[in-house]
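The values are calculated or read from the model by the stated rules, or taken from the named source; none is laboratory data. All values derive from a computational prediction rather than experimental measurement. Here the Cβ is made from the backbone with ideal geometry for all residues, glycine too, and neighbour counts use every protein chain on show. All accessible areas refer to the heavy atoms of the entire protein, side chains included, with ligands and DNA or RNA removed. Shrake-Rupley method; radii C 1.70, N 1.55, O 1.52, S 1.80 Å.
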Amino acid sequence: MKEVLLLAGTRPEAVKIAPVALALADHPVLRPTIVHSGQHVGMVEQALNAFDLKADVVLEVPRITGSQAELLSRLVPAFDEVLRVRDPAVVVVQGDTTTALAGALAAFYRGIAVVHLEAGLRTGDLGGPFPEEGTRQMIARIAALHLAPTDDAASALVSEAPPVAEIVVTGNTVVDAVRLVAEADLPARDPVLVDLEAQLDATGGRLVLVTVHRRESWGAPLERVLHAVRALADRHPDIRVLLPVHPNPTVRTAVRRVLGDHGRIVVCEPLDYPDMVRALRRSSLIMTDSGGLQEEAPTFGVPVLVLRSTTERMPAVDAGCAWLVGTDVTRILAEAGWVLGSRLRLPPGRNPFGDGAAARRVRAALERLVGLPVAFSTALPMRIPS
């Protein structure tokens with residue numbers, strides 16, 4: 001057996017590695033092992049549970065200052081010890097988090113192949129998103145296998161001329177994940193969402209889903225976004241706004257201060273993944289600075305306003321699924337008003353980020369990386385275990 005470590009420290013990482021873990025679950029040679037870095041305690045467990053998965057290894061990384069430097073300095077030696085004990089064939093890191101960078105560095109130092117899932121996303125601006133743009137560029141320099149979600153991402157990697165390594169376009173595993181959860185069609189579990197759905201059913205109202213958390217938006221940009229959300233609710237009496245608030249104290253304080261007393265704005269704790277997918281599917285509009293929602297929404301035809309000045313997910317913009325609106329109040333209100341006023345809905349199922357088969361392509365790429373014959377590249381259809 002050859003062990004494949006799948007690292008996750010945040011909910012988006014857990015959601016995106018879950019389909020890979022499921023695709024490898026029955027593999028005769030490659031054994032998936034999920035390692036939770038402890039970066040966001042509770043969030044990773046919540047996401048994995050949606051796929052009937054659990055972390056095999058959970059690290060404890062106590063933090064005092066909460067800085068990125070502190071987290072990185074604690075995670076690298078913690079990952080190094082896991083690698084020393086387990087000696088895996090491959091380490092898979094996802095995206096652009098501190099967990100991904102720390103895991104990639106630890107594996108690189110031990111001469112273990114680094115596989116970068118969701119490789120090649122670029123804005124070209126090291127300041128936005130910060131620090132993610134720098135993180136993914138650093139990982140690209142030491143990865144042995146780049147698993148790009150789109151042709152655009154693969155082209156970005158080719159243009160950077162990274163050290164000799166394979167680049168494979170797989171699609172984004174988040175499309176696999178969101179389809180698996182949507183097919184299960186679980187009822188709402190969070191009492192907040194249950195009550196909100198009842199209100200919408202009773203009034204015929206529409207749902208607007210909002211998420212905000214980007215570090216580069218803290219301060220004045222975040223304040224502008226929140227005031228725009230409040231004004232939007234005032235202008236459209238038929239909408240209910242749902243804002244699952246990010247765990248970061250800076251974000252929480254601003255959100256609750258600006259929006260907490262509005263009768264048609266619901267500020268709640270982060271929803272578990274099935275509830276989030278349920279809210280996403282029901283939404284008439286999504287306003288977000290999250291990368292994941294930009295990738296998930298096209299599957300259900302929900303328009304997205306991206307609350308940033310740049311995005312590394314341009315295929316959504318190019319396909320007419322998303323619009324970059326920045327953090328200017330006037331621009332946000334104008335674009336959101338147009339979407340709501342026209343009752344815009346996009347054709348569902350036309351997702352530029354994938355067709356739901358990304359994890360099977362990842363499995364095949366991992367087989368080639370470790371030198372298995374082509375005969376292994378026949379993955380069975382995935383499902384969430386019952």
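Check whether at least one residue in the stretch 302-319 is open to solvent by 10 Å² or more (accessible area, probe 1.4 Å), closer than 14 Å to F353 by Cβ, hydrophobic (A, V, I, L, M, F, W, C) and under 19 Å from the mean Cα position of the chain (by Cα), and report yes or no. Yes, some residue in the stretch 302-319 is open to solvent by 10 Å² or more (accessible area, probe 1.4 Å), closer than 14 Å to F353 by Cβ, hydrophobic (A, V, I, L, M, F, W, C) and under 19 Å from the mean Cα position of the chain (by Cα). Given the criteria modelled with pLDDT of 95 or more and part of a loop (DSSP other than H, G, I, E, B), does P88 qualify? So P88 passes the test.
Among the candidates E183, E197, the residue that is over 19 Å from T299 (Cβ atoms), part of a helix (DSSP H, G or I) and out of contact with any Pro (no Cβ under 7 Å at 6 or more places or on another chain) is uniquely E197.
Hey, does the stretch 154-173 have a residue that's of a type in the set (S, T, Y) and within 21 Å of the chain's Cα centre (by Cα)? Checked against the condition, which is being of a type in the set (S, T, Y) and within 21 Å of the chain's Cα centre (by Cα), the stretch 154-173 yields at least one hit. When you check A156 against the structure, is it under 24 Å from M276 (Cβ atoms) and open to solvent by less than 60 Å² (accessible area, probe 1.4 Å), yes or no? In short, no.
Total residues in the stretch 200-212 satisfying the condition of being surrounded by fewer than 20 Cβ atoms within 10 Å (Cβ to Cβ) and outside any helix (DSSP H, G or I): the figure is 3. The residue of the stretch 223-244 that is surrounded by the most Cβ atoms within 10 Å (Cβ to Cβ), among those that are hydrophobic (A, V, I, L, M, F, W, C) and in contact with an Asp or Glu (Cβ under 9 Å, 6 or more places away or on another chain), is V225. Looking at the stretch 124-135, can you tell me whether even one residue there is in contact with a strand residue (DSSP E or B) (Cβ under 9 Å, 6 or more places away or on another chain) and at pLDDT 95 or above? No, because not a single residue in the stretch 124-135 is in contact with a strand residue (DSSP E or B) (Cβ under 9 Å, 6 or more places away or on another chain) and at pLDDT 95 or above.
Screening D185 against (1) out of contact with any Asp or Glu (no Cβ under 9 Å at 6 or more places or on another chain); (2) open to solvent by less than 60 Å² (accessible area, probe 1.4 Å); (3) at positive phi leaves a single unmet condition, (2).
Anything in the stretch 125-153 that is of a type outside the set (K, R) and assigned to a loop (DSSP other than H, G, I, E, B)? List them, or say none.
Correct list: D125, L126, G127, G128, P129, F130, P131, I142, A143, A144, P149, T150.
Of all residues in the stretch 111-134, those that are more than 19 Å from S155 (Cβ to Cβ) have Cβ atoms under 6 Å from Cβ atoms of residues that are part of a loop (DSSP other than H, G, I, E, B), 6 or more apart or on another chain, in A113/A144; V114/I142; V114/A143; V114/A144; G128/T310; P129/R214; E132/D96; G134/L126. Looking only at residues in the stretch 266-279 that are open to solvent by 10 Å² or more (accessible area, probe 1.4 Å) and either part of a loop (DSSP other than H, G, I, E, B) or without any contact (Cβ under 8 Å) to a residue 40 or more places away in the chain (or both), the one that is farthest from D328 (Cα to Cα) is D272. Of everything in the stretch 1-56 that is of a type in the set (S, T, N, Q) and assigned to a helix (DSSP H, G or I), the residue that is most open to solvent (accessible area, probe 1.4 Å) is N49.
Scanning the stretch 280-322 for residues that are of a type in the set (A, V, I, L, M) and either in a loop (DSSP other than H, G, I, E, B) or farther than 24 Å from A233 by Cβ (or both) yields V302, L307, M314, A316, V317, A319.
Take W338 and decide whether it is more than 30 Å from V168 (Cα to Cα), of a type outside the set (V, I, T), open to solvent by 60 Å² or more (accessible area, probe 1.4 Å) and modelled with pLDDT of 95 or more. Yes. The residues on offer are L105, L101, L147, and the sole one that is modelled with pLDDT of 95 or more, under 22 Å from Q39 (Cα atoms) and open to solvent by less than 30 Å² (accessible area, probe 1.4 Å) is L101. If the condition is being farther than 30 Å from A50 by Cα and of a type in the set (D, E, K, R), then the stretch 153-180 contributes E160, E166. Tell me, please, whether a residue that is more than 18 Å from M276 (Cβ to Cβ), without any contact (Cβ under 8 Å) to a residue 12 or more places away in the chain and of a type in the set (V, I, T) can be found in the stretch 48-63. For the stretch 48-63, residues more than 18 Å from M276 (Cβ to Cβ), without any contact (Cβ under 8 Å) to a residue 12 or more places away in the chain and of a type in the set (V, I, T): absent.
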